[in-house]
Amino acid sequence: MATGVQRQVSPVTVSGLTRRFGDRAVLDGLDLEIPAGQFVALLGTSGCGKSTLLRVLADLDRDIEGEVRVARRRAIAFQAPRLMPWKRVWRNVALGLPGKPNRKRAQAALDEVGLSARGDVWPKTLSGGEAQRASLARALVREPDLLLLDEPFSALDALTRLTARELVEQLWQRHGCAVLLVTHDVDEALVLADRVLVMEAGRIGYDAEVPLDRPRNVSDPRFAALRTELLARLGVH
Ligand SMILES: Nc1ncnc2c1ncn2[C@@H]1O[C@H](COP(=O)(O)OP(=O)(O)OP(=O)(O)O)[C@@H](O)[C@H]1O
Ligand SMILES: [Mg+2]
């Protein structure tokens, strides 16, 4: 049986996942598998259940039916940085780790997101982009096999957003973790992801690989064709 080739377990295997709120099944028999290291973008109209899915995958919601298997080492970052205002930045980052606050590992994560000098300050003294980077550091500090990102850039201005996007791509390339990124931005999905999903009627209604080399070129006609296809899928013509 042993062939010398190690079979990696997928960080996400979901089958028949249903989540009801009252009579409404927001997730309705959803199936999804994400292999190790894959960067996946998840799109879908507002209210279709993207955050609900991420919360289930992060084990923040267990009121579900179906089968959900997720890598034990996983981390989530939300639209808002959600830093504890009464803890210094490095202590916020250290919250990503179990056990006693580990300054060394928190500092290494802060170095990675370009916040080396900000470990000792209070969260309220950070800019929006810096706070979001601190939140990324808190997610990365435990070196997750699965990184769940729920619209992490949407509150940032356009320029900061581009920098944050590049940072996420670099971190993904360096760490090799699987990423599931929720975004409303079709271009962002096509710049970053190996694979794009669209959620429809409580399931993954569209699932396609992005067959473009990196770094992605937004003026490539194939990029434009994919954009058009995705926008149509989202009901934007
Ligand atoms: N705790 C809850 N109780 C009742 N309904 C909920 C709850 N959480 C989510 N919902 C409902 O489930 C649906 C899906 O919500 P969800 O937050 O997953 O949408 P979303 O796809 O992330 O939307 P958006 O793009 O606007 O963030 C919504 O109609 C929402 O009102
Ligand atoms: Mg949401």
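Some values worked out for this structure:
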read-out: Selection from the range 157-185 of residues that are more than 15 Å from Ile76 (Cβ to Cβ) and either in contact with a His (Cβ under 9 Å, 6 or more places away or on another chain) or within 16 Å of ligand 2 (Cβ to nearest atom) (or both); value: His184, Asp185
read-out: Residue in the range 171-180 that is modelled with pLDDT under 95 and crowded, with 17+ Cβ neighbours inside 10 Å present; value: yes
read-out: Among (1) open to solvent by less than 40 Å² (accessible area, probe 1.4 Å); (2) in a helix (DSSP H, G or I) - the single one Lys124 does not satisfy; value: (1)
read-out: The listed residue being open to solvent by 10 Å² or more (accessible area, probe 1.4 Å), within 16 Å of ligand 2 (Cβ to nearest atom) and not hydrophobic (A, V, I, L, M, F, W, C), out of Glu143, Glu151, Glu112; value: Glu151
read-out: Options Leu148, Leu159, Leu167; residue that is in the same structural domain as Ala58 (by TED's automatic domain parsing), more than 26 Å from Ser10 (Cα to Cα) and not in a loop (DSSP other than H, G, I, E, B); value: Leu159
read-out: Unique match (being touching a residue at least 60 places away in the same chain (Cβ under 8 Å) and surrounded by 15 or more Cβ atoms within 10 Å (Cβ to Cβ)) among Arg88, Arg138; value: Arg138
read-out: Checklist (1) away from ligand 1 (no atom under 16 Å from the Cβ); (2) closer than 18 Å to Asp145 by Cβ; (3) not polar (S, T, N, Q) applied to Met84, failing item; value: (2)
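The values are calculated or read from the model by the stated rules, or taken from the named source; none is laboratory data. Because the structure is predicted, anything quoted here is derived from the model rather than measured. Methodologically, a virtual Cβ is constructed for each residue, glycine included, from the backbone with ideal geometry; neighbour enumeration extends over all protein chains shown. Just the protein is used for accessible areas: all its heavy atoms, side chains included, with ligands, DNA and RNA removed. Shrake-Rupley method; radii C 1.70, N 1.55, O 1.52, S 1.80 Å.
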